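Peer 1: What follows is a single structure, and I will ask about it in a moment.
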Amino acid sequence: MTKNAELAKPGEYKPLDLLATAAAREVKNGDIVFAGTGLPMLAIMLAKLTHAPEAVCIYEAGTIDGRPIHLPTSVGDARNEYQAAVAAGLNEVFAQLQRGLVDVAFLGGAEIDRYGNVNTTAVGRYTPAPEKRLTGGGGNPDINSLAKRTVFIMVQEKRRFKERVDYITSPGWRIPKWPSGELVPKQEVYGKFFRGGPSAVITNMGVFRFDENGEIYLDTVHPGFTPEQVKENCSFDLNISRVRGETLPPGRREIELLYTVIDPEGVFLA
Amino acid sequence: MAKPEKVTLQEAIRLIPDGSTITFGGFTIWRRPMAAVYEMVRQGKQDLHLVEVNGGTHTEVLIGAGCVKIWESCWVGHELYGKLGACLDRFARSGKVIVEDYSHVHMLYRMLAGSMGLPYLPTYASLGTDILNPEYDNLGRFGLRNGSHPKIPKKKYEIVRDIFSGNELIHVPAVNPDWCIVLAQMVGEEGTVRVKGQKYSDVEAIRASEKVIVIAEQIVPEEYLRRDPDLNLVPPYLVDYLVELPWAGHPTGCQGMYEVDGQFIKNFYEKSKTQEMFDSWAQEWIFGVGDHYGYLEKIGVRQLEDLRANQVLGYSTRMRRGSR
């Protein structure tokens, strides 16, 4: 077996491999993880096979702590149920979420603002009729509301990293307080039910985190990119003063696990 | 004890009046009663009001065919096989379908409240989002919250103070759909329903609804299901009509029976991007095949056998899923 200490060199891995490994590294051993369809599934499976064997995965459709031997293609997939502790339903898993049991969750989004507010509902005008509808929120806003930490996996584009997203589907660190809609710190709205919020955003160019004021900054830049290039792919004035260096590339063993154990069929990793 | 009436699919769907409020069992592209959805399209249902915990391929078929007037839910798409609901996008933009956006927890709790006979349920989920933006209350904007529509609550939600903690809290209104259509792997001759695998939000949808149609992949001796009552979902008196129909969920997946037909859904998603392409798809796969068995014959034995679940694992191991 390849040792993970050996890091892959540029050209030896694909962008998706780096995204999956960077996401997996956000999981701590013993975490209760809420994961959605796609890359998050690769990330949690990779984390469990490497540094976080005690992590437990909950899927939105109702499966708890499955041990799939074939990669599920979505959260409703029967593959999630293989050797699961419980196959319940939405009420069970959302109750656990609201109860405060979820440590980390992986989410996606079409647009994000500097406070980590995310849009998955519609782009452009919302009323009187939406210009372009997306999937809608699903559980994204619920999970982002009530998990201790959330990690967003997104595509880095200027039109997606915006000063103000067109529709706040999922609440970040400064959120509208209704009925006025004034943006206030999340703690003010959630009160005693405040548990945390977005802790990282991982894109194809870098890893972002949030400062004491809930504002996004670039933490590490992926090999092959400069912080300035990342900044150019944001519509807002991105803080690049705190960049720690390059994102750790995938280990050779992590790549081997991704292609031979986790997704040998090439469902997500073509 | 009332028992469900055994009817054909056509008879069951004929009972649903235009303008009904409808919900479905299943989850996104899993265990959706697709045969019933196709039959609704064949019978030309109009002005349906869908209230769904989440949507999926079935939602898109109904919207594309022009059957839907209002859609209240939180998500529509085809998971890996189609990134969004192209029909909903088109119909919402043109104003033909009114969309009310909630979160997943909101929709679940609306159904749960309905299933418990309560007027509403509280939650903290999705505070501080545009879901609660007063200007984005679409049914309100269209004047439909005036109390004259029995299935439309007077308010989308209410932000209240938790009387114990003083914290901000959302109340979401209960929903009691006129009809619920559920696909189950197994139903007893008297109507006890057993669902294998994840339960999604089926029990909430069934209990909340006024009338329930269950499509059974197979009807089995009632005595068999009553040997293990802990494995059953609902008793016979919660089911009004029972239809036995194999492969009734295709192209969605049915745990222990068959796999999601990803290529079929992918193709549908591509065709759903324009109305013209949708119409010819519907002609080919809904009207042209005549009925459910015509549909299955068109799909073909080879494809159905590839989709058939391994009886030990509960999913197909013969289907090619990825690039390798």
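The values are calculated or read from the model by the stated rules, or taken from the named source; none is laboratory data. Just so it is clear, the model here is predicted, and its values are computed rather than measured. With ideal geometry, Cβ positions are generated from the backbone for all residues, glycine too; neighbour counts draw on all protein chains shown.
Peer 1: Test each condition in (1) touching a Gly at 6+ places or on another chain (Cβ under 6 Å); (2) of a type outside the set (Lys, Arg); (3) at the interface with chain B (Cβ under 7 Å from one of its Cβ atoms) for A:Pro130 and report the one that comes out false.
Peer 2: A:Pro130 satisfies all of (1) touching a Gly at 6+ places or on another chain (Cβ under 6 Å); (2) of a type outside the set (Lys, Arg); (3) at the interface with chain B (Cβ under 7 Å from one of its Cβ atoms) except (1).
Residue-by-condition table, conditions (1) of a type outside the set (Ser, Thr, Tyr); (2) closer than 16 Å to A:Thr127 by Cα; (3) away from chain A (no Cβ under 11 Å):
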position: B:Gly56; (1), (2), (3): yes, no, no
position: B:Glu60; (1), (2), (3): yes, no, yes
position: B:Lys69; (1), (2), (3): yes, no, yes
position: B:Cys74; (1), (2), (3): yes, no, no
position: B:Tyr81; (1), (2), (3): no, no, no
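Peer 1: Separate question: Considering B:Leu183, B:Leu144, which residue is at pLDDT 95 or above and within 30 Å of B:Tyr315 (Cα to Cα)?
Peer 2: From the options B:Leu183, B:Leu144, the qualifying one is B:Leu183.
Peer 1: Among the residues of the range A:118-125, are any part of a loop (DSSP other than H, G, I, E, B), surrounded by fewer than 20 Cβ atoms within 10 Å (Cβ to Cβ) and over 19 Å from the mean Cα position of the chain (by Cα)?
Peer 2: Checked the range A:118-125: at least one residue is part of a loop (DSSP other than H, G, I, E, B), surrounded by fewer than 20 Cβ atoms within 10 Å (Cβ to Cβ) and over 19 Å from the mean Cα position of the chain (by Cα).
Peer 1: For B:Lys211, all conditions in the list (1) touching a Leu at 6+ places or on another chain (Cβ under 8 Å); (2) basic (Lys, Arg); (3) free of Cβ contacts under 8 Å to residues at least 60 places away in the same chain hold save one; what is the number of the exception?
Peer 2: Answer for B:Lys211: the failing condition is (3).
Peer 1: Still on this structure: In the range A:135-159, how many are surrounded by fewer than 20 Cβ atoms within 10 Å (Cβ to Cβ) and free of Cβ contacts under 8 Å to residues at least 60 places away in the same chain?
Peer 2: 2
Peer 1: Might you check whether a residue that is in contact with a strand residue (DSSP E or B) (Cβ under 7 Å, 6 or more places away or on another chain) and touching a residue at least 40 places away in the same chain (Cβ under 8 Å) occurs anywhere in the range B:41-48?
Peer 2: No - not one qualifying residue is present in the range B:41-48.
Peer 1: For the range A:97-117, how many residues meet the condition of being outside any strand (DSSP E or B) and farther than 18 Å from A:Phe194 by Cβ?
Peer 2: 4
Peer 1: Take B:Gln283 and tell me if it is within 14 Å of chain A (Cβ to nearest Cβ) and either outside any loop (DSSP other than H, G, I, E, B) or within 21 Å of B:Trp30 (Cβ to Cβ) (or both).
Peer 2: So B:Gln283 fails the test.
Peer 1: Among the listed residues B:Arg302, B:Arg308, B:Arg320, B:Arg324, which satisfies the condition of being of a type outside the set (Phe, Trp, Tyr) and either touching a residue at least 24 places away in the same chain (Cβ under 8 Å) or within 27 Å of B:Glu11 (Cα to Cα) (or both)?
Peer 2: B:Arg308
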